[in-house]
Amino acid sequence: MDTKNKFFNFLTLLMSLLPVFILVSIFAFVFYYSIPAIRYMGVRFFTTYLWYPGIESRPPIHINGVTAPYASSYGILLFLTGTLISSALAIVIALPLSFLSSMAVELYVPSGIKKFLISMIELFAGIPSVIYGLWGIIVLEPLLFHDIEPWMRDVLSTVPGFAGEIYSGAGILASGVILAFMIIPIIVSVMVNSFDTVPAEIKHGIVTLGATKWELGKYLITDYSRMSTYGGTLLGLGRALGETMAVLMVSGAVVNVLPSSFYSAINTMAAAVASLLDSAFFDATGMSISALSELSLVLMIISLSVNVLGRRIAGRSVLRGEEFD
């Protein structure tokens with residue numbers, strides 16, 4: 001092997017290891033800054049929803065070898081709850097819409113405009129999240145507040161979670177709808193790529209046996225491409241878990257108040273980091289920064305786990321548009 005090939009192989013290996021190095025470095029950085037909060041709060045970090053920076057006029061306290069503001073408390077139960085509820089609602093909304101969109105593109109749209117339509121759907125993933133948030137404030141929140149949420153309360157008041165006071169339209173429902181719109185392109189892309197990997201003779205064979213296009217689509221989703229559908233859903237969930245700006249704009253961004261119904265304002269882990277970061281720098285002990293670092297660490301672990309699981313389930317062949325095995 002000549003010198004040029006050796007250099008090229010070394011450079012390729014170096015570039016392939018660079019993302020791993022960056023990811024590990026970020027994880028180590030966040031973990032290092034989380035250590036004081038881990039020692040200060042312990043398990044209570046996950047069991048309480050009180051996030052209180054403490055009393056600056058009182059001398060700081062010393063617990064487990066770390067210094068923290070007097071009477072300070074850092075609990076992520078509210079943020080964790082808001083993240084899980086809004087993301088789950090987004091999946092509930094996005095999955096059937098993605099299913100119908102994928103079936104329409106694959107089975108009903110003429111092949112001549114299929115690629116163009118898929119490109120248009122995927123372009124939605126490139127819209128800045130702040131645009132989604134602005135649309136949510138101007139259009140979605142008034143619609144929820146004046147029309148949809150009052151109707152839901154009147155019709156579903158006997159169902160737990162649907163009775164209660166309606167506030168401003170911002171909250172769980174708005175966050176779930178916004179996130180659903182943001183993850184639909186991801187799920188649709190994986191589903192359509194999965195459909196394309198199904199051998200044409202299988203599709204023609206099913207239709208020849210008398211199946212309708214709808215029955216063919218159900219077979220592709222529930223049987224042949226089932227695992228890819230699960231994987232695409234998890235990839236969408238990974239995006240929803242880490243979304244920041246759009247959710248911050250429409251969630252209500254409450255602190256220290258657990259949601260009592262689907263109309264309640266909430267907060268999520270990613271949105272909390274963005275909204276609380278400025279004030280955290282005024283903490284002379286540095287504990288607020290450490291607590292936000294631990295919050296980021298938890299979010300990073302959850303998001304990476306969901307994304308890795310989704311990619312393993314969907315399979316590299318589907319994500320790259322290669323032939324189905």
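Brief remarks follow.
- Unique residue being modelled with pLDDT of 90 or more and part of a helix (DSSP H, G or I) when the list is S86, S119: S86
- For F262, the criteria (1) of a type in the set (A, V, I, L, M, F, W, C); (2) at pLDDT below 95; (3) outside any loop (DSSP other than H, G, I, E, B) hold in every case but one, which is (3).
- Check on L248, surrounded by fewer than 23 Cβ atoms within 10 Å (Cβ to Cβ) and either at pLDDT 75 or above or assigned to a helix (DSSP H, G or I) (or both): yes
- All of F145, F99 fail the test of being over 16 Å from S175 (Cβ atoms), aromatic (F, W, Y) and either within 22 Å of the chain's Cα centre (by Cα) or in a helix (DSSP H, G or I) (or both), apart from F99.
- Residue check for G112: more than 16 Å from S189 (Cα to Cα), of a type outside the set (A, V, I, L, M), at pLDDT below 85 and surrounded by fewer than 14 Cβ atoms within 10 Å (Cβ to Cβ): yes
- Residues that are small (G, A, S) and touching a residue at least 24 places away in the same chain (Cβ under 8 Å), drawn from segment 169-212: G169, A170, G171, A174, S175, G176, A180, S189, S194
- Figure legend. Inter-residue proximity from segment 69-81: first residues within 16 Å of I38 (Cα to Cα), second residues charged (D, E, K, R) and surrounded by fewer than 17 Cβ atoms within 10 Å (Cβ to Cβ), beta-carbon distance below 9 Å, spacing 6+ or different chains. Indicated pairs: P69/E56; P69/R58; S73/R44; Y74/R44; G75/R44.
- Counted residues, segment 126-166 - those being under 15 Å from M245 (Cα atoms), surrounded by 13 or more Cβ atoms within 10 Å (Cβ to Cβ) and β-branched (V, I, T): 3
- Screening segment 170-198 for residues that are touching a Gly at 6+ places or on another chain (Cβ under 9 Å) and in a loop (DSSP other than H, G, I, E, B) and picking the one that is surrounded by the fewest Cβ atoms within 10 Å (Cβ to Cβ) gives T197.
- When W214 is tested against (1) surrounded by 15 or more Cβ atoms within 10 Å (Cβ to Cβ); (2) part of a helix (DSSP H, G or I), just one condition goes unmet, and that condition is (1).
- Of all the listed residues (A265, A270, A280, A240), the sole one being surrounded by 19 or more Cβ atoms within 10 Å (Cβ to Cβ), touching a helix residue (DSSP H, G or I) at 6+ places or on another chain (Cβ under 7 Å) and farther than 15 Å from I183 by Cα is A270.
- Exactly one residue out of V30, V43, V20, V24 is without any contact (Cβ under 8 Å) to a residue 12 or more places away in the chain and within 22 Å of I76 (Cα to Cα): that is V43.
- Residues within segment 19-75 that are of a type in the set (S, T, N, Q) and either out of contact with any strand residue (DSSP E or B) (no Cβ under 7 Å at 6 or more places or on another chain) or exposed (fewer than 13 other Cβ atoms within 10 Å of the Cβ) (or both), tallied: 6
- Residue check, Y32 within 27 Å of the chain's Cα centre (by Cα), part of a loop (DSSP other than H, G, I, E, B) and among the hydroxyl-bearing types (S, T, Y): no
The values are calculated or read from the model by the stated rules, or taken from the named source; none is laboratory data. Because the structure is a prediction, the values reported are computed rather than measured. Here Cβ is always computed from backbone atoms with ideal geometry, including for glycine, and neighbour counts include all displayed protein chains.
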